[in-house]
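The values are calculated or read from the model by the stated rules, or taken from the named source; none is laboratory data. This is a predicted model, so every value here is computed, not measured. Cβ: placed from backbone, ideal geometry, glycine included. Neighbour counts: every protein chain shown.
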Amino acid sequence: MRRSLSALLALGLLSGCATVRTLDAAKPGAPVVYAGTRLNLYVMNGGCCPQDRFGAEAPAYPGLDLPGSALLDTLLLPLSAMTALGVGFNATGGL
């Protein structure tokens with residue numbers, strides 16, 4: 001029961017995570033490397049219009065989201081670095 005509740009809570013928190021929001025944004029010219037962390041810091045420092053700059057809305061509590069976004073951005077760093085460098089994957093599945 002506790003694991004189910006913890007997993008449900010984690011999924012709920014991830015939906016508001018800045019990193020997850022910026023992964024879905026796909027806005028041309030938006031930051032890719034540490035995008036969620038940068039979005040949180042941008043809003044915490046009084047930046048306006050995160051939608052225009054990052055292609056995603058900031059979480060309601062960016063200070064609370066910052067540690068989780070920094071961790072997730074670090075885990076995704078190899079993929080975001082390859083994306084920033086223009087390396088693409090043309091993977092297909094099936095027969």
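Observations, loosely collected:
- Positions within the stretch 16-46 being of a type outside the set (Phe, Trp, Tyr), without any contact (Cβ under 8 Å) to a residue 24 or more places away in the chain and in contact with a helix residue (DSSP H, G or I) (Cβ under 7 Å, 6 or more places away or on another chain), in sequence order: 31, 43, 44
- Unique residue being at pLDDT 90 or above, among the hydroxyl-bearing types (Ser, Thr, Tyr) and crowded, with 20+ Cβ neighbours inside 10 Å when the list is 37, 22, 74: 37
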